[in-house]
Every structure is written in C-alpha cells, then in structure tokens.
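Q: Below are the structure tokens for one structure; questions will follow.
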Amino acid sequence: MFTRVLWRGRSFHGVLFGLGLAAIAARRAEETGTGEDGGQRRRKGPGAYSRAVERSREHLRRVKDEVGSPGIVVGVSIDGEAVWTEGLGFADVENRVLCTADSVMRVASISKSFTMAALAKLWEEGKLDLDAPVQKYVPEFPEKEFEGEKVTITTRLLVSHMSGIRHYEKDIQKIRNKLANKSLELGSPAGQKHVTDKTKPYTEQEREVKSKDNKEQNLKVSRKCNVQEPEEFYIKKKYDTVIDSLDLFKNDPLVFKPGTQFLYSTHAWTLLSAIVERASEQKFLDYMLNMFRTLGMKNTVPEEHEPIIYNRARYYSFNHKKRLVNSPYVDNSCKWAGGGFLSTINDLLLFGNVLLYSYQTQDAPHLLPGYLKPETISMMWSQVPNTEMSWDKDGKYAMGWGTVERKQEYGQCKYQRHYVSHTGGAVGASSVILILPEEEIPTKMKNQSVIPPKGIVVTIIANMQGTGLNSTALKIALEFEKEKSA
C-alpha cells in the first residue's frame, strides 16, 4: 500500500512538472510567435518593455513637476496591445483621489480627431460632399464675402483650418495684424499681400498699447487663474443645439479669403458638427455616441455637468499668486466637435489603433475591414499646403490631425520619423494622442504573417491647463520603438 501511495505521489509530481514545462513552452511560443497561430508576428509581453517604462516614467515625472500638474495619465500600445498604462499624482487634490488608467478627463481638441472620423465615415458612405458649400447642409450659416468678393467655405477647408473663421479671439483686426506680422517675419509674400492700410501691422508703440488693453481685458476673465485666454475660452452658457451655438460667430467677418491662409479655429469645428447632423440626419451627440459604441470606446462621452460620470477628474490652474486653484466652471455645449469630450487613455489607445489598423489593411482580404478605408486614412493624414502644426514645427496640419513626414536631409544628421498627432488644451486640461506607424510594413498585406495594427500609439492626459505634451509623447514613442526593435 505504501508503495502505491508513493508511486501516485511521484506520478502527481511528474504531472505537475510536465504541466510546468508545457506552460513555459506555451509562453515562449506566444512571445516568439511559434505557436499554433505562430508565424503571425513576434510579440513581447508588457514585461519586456520594463526599461522603456522606467525611462519614460522618469521623463513624465519631470514634465509633471515642471508644469505643476496635479495629475497626469499615460498610455502606450504596441501593435494594438497596451503595454503601459499608469497615472501619476492626483485626479482630485482636495479628496486625495489618485490618477489611474480609468481616470476620465477632458481631451480638449482631440475631439477634433473624433469628429474627423465621423466626417470621413459620412464621406465614405456618400452622405457628405467635402467640396460642397457648407450652406448645402447648414443654410442657417450665412454666405460670406471677403473684401467685397463672394467666397465659398467647404467642409474640406473647415477640417484644415483654412476657412477664415475666427478662433476664440473676437477682434478681427487684431487677428489680421497678427497674421500679417507673422508672415512678414517669415518673409512670406502672403504677408506683403495682406498688409494694406486696413490691415497694416501694429507699430511698436501701438503694440504696447494693445498689449496693455488686452491684459486688462483678460484679467477680468482670468483673475482667478493665471492664464491669459480670450473671454470665449471660459463660456458658461449652455446651448441646446449645435445650430444655436453658431450664433457665437456666424455673423462675424472672415479673417481672410478661404483657402489662402491657416488659422486654427475651434469655432470652425462647431460648424462641422452642424454638417454632421444634417448629413447623418441625427443629432451630433447621438451620432458620435453611436460611433464610440461601434469603436468600443465605452468611457468617451460629451462633458456635461449634470450626469454622474464615475472616475471624473477635477481640473486645475494657477492663480496670479502662483497658487493651485480649481479651474472655473465652463460649459462645452458651444464646442462639442472641437473640444467637448471626456475620455480615458484606454479609449484613446483604442481609437488610435482603430485608425492605424484601417491605415494598414490595404489589399488584405484575409483580414476584417477597418472602420475606415486605407485611402480615407491616407487622405486624412496627408499634409495640406500652407498649413501649420503648432505643436511640432516640422509638420503641417492635415484633416483633423497634424502630420510629420519622413525626412532626412544629411547623412548621420537628424532623421525625421513619420507620425501623426493631435494635442488639446482646455480649461484645466491638456492632452495628446500620437500614432507612430511601423516603417517596414509591406504596402500589401496579403501575407497571413503580417497582422495590423503595426506601430506605437501614445496618449497623455493632464488635469492642468497650458501643458504642451506632444514632444513628451514623441520621446516616449521612440523609447518604446527602440526597445521593441532591440
């Protein structure tokens, strides 16, 4: 009897040993891509990027300390899989609630990239003509003239900030002078062309007077927070419909002739939300929420004051005494499309990978189709002439995204990677989403072993106003790319 028990014990340990070997083999097969579905792609688990995580975390801490942000959240995905998500600091300082990957924050102008996906889908479905006058869809928006000439604004011009519609600043003359001065500094013929008696640049003395006036005006709005922004940045009025919110700017003169210059404009995207409504025959927010549901973005919602939104962060800025304060209340119903959504880093990673997958599925019948067609993504991410990418001077604006193209002028010198991104800045919040497609991807993905998305997506959200995050996101992306190829 004793012998039988001993034999069973040895047999039991033998089984455990065998199972252990099998588990190790399975794990190695998963990491090296040699399992049953092997040959598809080589994968690394999140643990393989520990050095990249450590270096990126240290860099993020430095940025957080430099700008004084109470909280900051980061997410990184490689080839469609999240390998690092983390929150640093506080989502709510007063109640000592820590930031986590589930923290819900304002994504600000990343909302423009969301809206661009909706517009692109409507265009693919034949419901939207990008080159038709906007009045075809929104007759409530008046036809415009510039210097006595009748001009046309189209959806294509709106999504690239070339419509001539102003941003938050209401002083049209001030904007024209600023653009003219900028063009002259760059030596652009456009600057010379637009400098007339009506729009001549300010003299040094006039500039000082204007600067003093503007500071006094902005101080009334931002006395409680140390950020100089136009009054419309802090709108508290609630608009019932996107058509109602057009009243903010629809009767104002254009800053320039549409198509001739670039002026970043969130109001232009409010007009785009009305176009989405009419083209889709749905309310803008209903259409966007249906799109988020289709994409699997469960925690992305319009920012409304009344609903209970779990894990919603609070927002902060510094007052004139450099003390941390709660940011003033604002209502985003005037700018849903351009800056009105809340989200999480996991949802943003998912959104980035949806577009990256769509971008890389050309001629790949063995794969499910992307949400958008590859040629649509290519159109969206193609640089538009005469535009600017304010968060990276090496790039230009495209359609709802900023794009930097691959470039190297001299051997052993700066090598410029191709990537797309969009930043956001709102009251008490800053954000970025950056997509770095893998470079060595075959144009045609007929080979079963190549499975998109291939590349890196980085997203960062902070609950502090005026924090530039694009360069940080790019450094993190390149850090993980280096680790991936090691």
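Q: On the accessible surface of the range 284-342, probed at 1.4 Å, how many percent belong to carbon and sulfur atoms?
A: 51
Q: Let me ask something else about it. How much of the pair distance distribution for the range 397-440 lies past 11 Å, counting alpha-carbon pairs only, in percent?
A: 72
Q: Take the alpha carbon atoms of the range 337-379, find their radius of gyration, then divide it by 2.2 N^0.38 Å using N residues; give the quotient.
A: Relative to the rule-of-thumb radius for its length, the range 337-379 sits at 1.36.
Q: May I ask you to give the percent of accessible area on the range 376-486 that is carbon plus sulfur, with a probe radius of 1.4 Å?
A: That share works out to 50 percent.
Q: In addition: Please list the radius of gyration and Dmax for the range 235-304, considering alpha-carbon atoms only, with Å as the unit.
A: 14.5, 41
Q: Further question on the same structure: What accessible area per residue comes out for the range 254-364, rounded to a whole number of Å², with a 1.4 Å probe?
A: Computed with neighbouring chains in place, this is 40 Å² per residue.
Q: What does the C-alpha gyration tensor say about the overall shape of the range 105-152? Classify as rounded when a/c is under 1.5, otherwise prolate if a/b is larger than b/c, or oblate.
A: In terms of gyration-tensor shape, oblate.
Q: Note down the nm distance, to one decimal, between modelled labels 7 Å out along Cα→Cβ at GLN412 and at LYS475.
A: Spacing of the two 7 Å Cα→Cβ label points: 2.6 nm.
Q: Could you list the square roots of 5 times each eigenvalue of the Cα gyration tensor of the range 318-457, that is, the equivalent ellipsoid semi-axes, sorted largest first and rounded to whole Å?
A: Ellipsoid semi-axes (Å, largest first): 33, 21, 14.
Q: No solvent, one uniform scatterer per C-alpha: report log10 I(q)/I(0) for the range 267-339 via the Debye equation at q = 0.17, 0.23, 0.25 1/Å, two decimals.
A: Those come out to -0.80, -1.13, -1.21, one per q.
Q: Something else now. List residues of the range 314-356, by number, whose backbone nitrogen lies under 14 Å from a label position 7 Å along Cα→C-beta of ASP247.
A: Output list for this probe position: 334.
Q: Now a separate question. Using a 1.4 Å probe on the protein chains only, how many percent of the accessible area of the range 59-109 belongs to carbon and sulfur?
A: Whole-percent figure for carbon plus sulfur exposure: 45.
Q: Rolling a 1.4 Å sphere over the protein heavy atoms, what is the accessible area per residue of the range 49-160, to the nearest Å²?
A: 41
Q: Oh, and also: Ranked highest first by the average count of other Cβ atoms within 10 Å around their residues, in what order do 179-185, 382-388, 117-123 fall?
A: For the peptides 179-185, 382-388, 117-123, the packing ranking is 117-123, 179-185, 382-388.
Q: Turning to a different aspect of this structure: For GLU281 and GLU145 in one chain, what is 0.36 nm times their gap in residues minus the Cα-Cα distance, to one decimal in nm?
A: 46.1 nm
Q: Could you please state, rounded to a whole Å, how far the C-alpha centre of the range 53-83 is from the C-alpha centre of the range 126-159?
A: Result: 41 Å between the Cα centres.
Q: Each label point is 7 Å from the Cα along the Cα-to-Cβ direction; what then is the distance between the points at ARG62 and ASP240, in nm?
A: For the pair ARG62/ASP240, the computed spacing is 5.4 nm.
Q: List, largest first, the extents of the alpha carbons of the range 361-417 along their principal axes, each in whole Å.
A: Sorted largest first, the three principal extents are 40, 27, 16 Å.
Q: On a C-alpha basis, how far is the centre of the range 269-335 from the centre of the range 340-401 in Å? Whole number, if you could?
A: Distance between centres, Cα-based: 21 Å.
Q: Can you give the Kirkwood hydrodynamic radius of the range 46-178 from its Cα pairs, in Å with one decimal?
A: After inverting the pairwise mean of 1/r, the radius is 19.4 Å.
The values are calculated or read from the model by the stated rules, or taken from the named source; none is laboratory data. Predicted model, so just to flag it, every value in this text is computed and none were measured. As a convention, Cβ positions derive from the backbone with ideal geometry for all residues, glycine included, and neighbour counts pool all protein chains shown. Ligands, DNA and RNA are stripped out before the accessible areas are found, and what is left, the full protein with its side chains, is counted by its heavy atoms. Shrake-Rupley method; radii C 1.70, N 1.55, O 1.52, S 1.80 Å.
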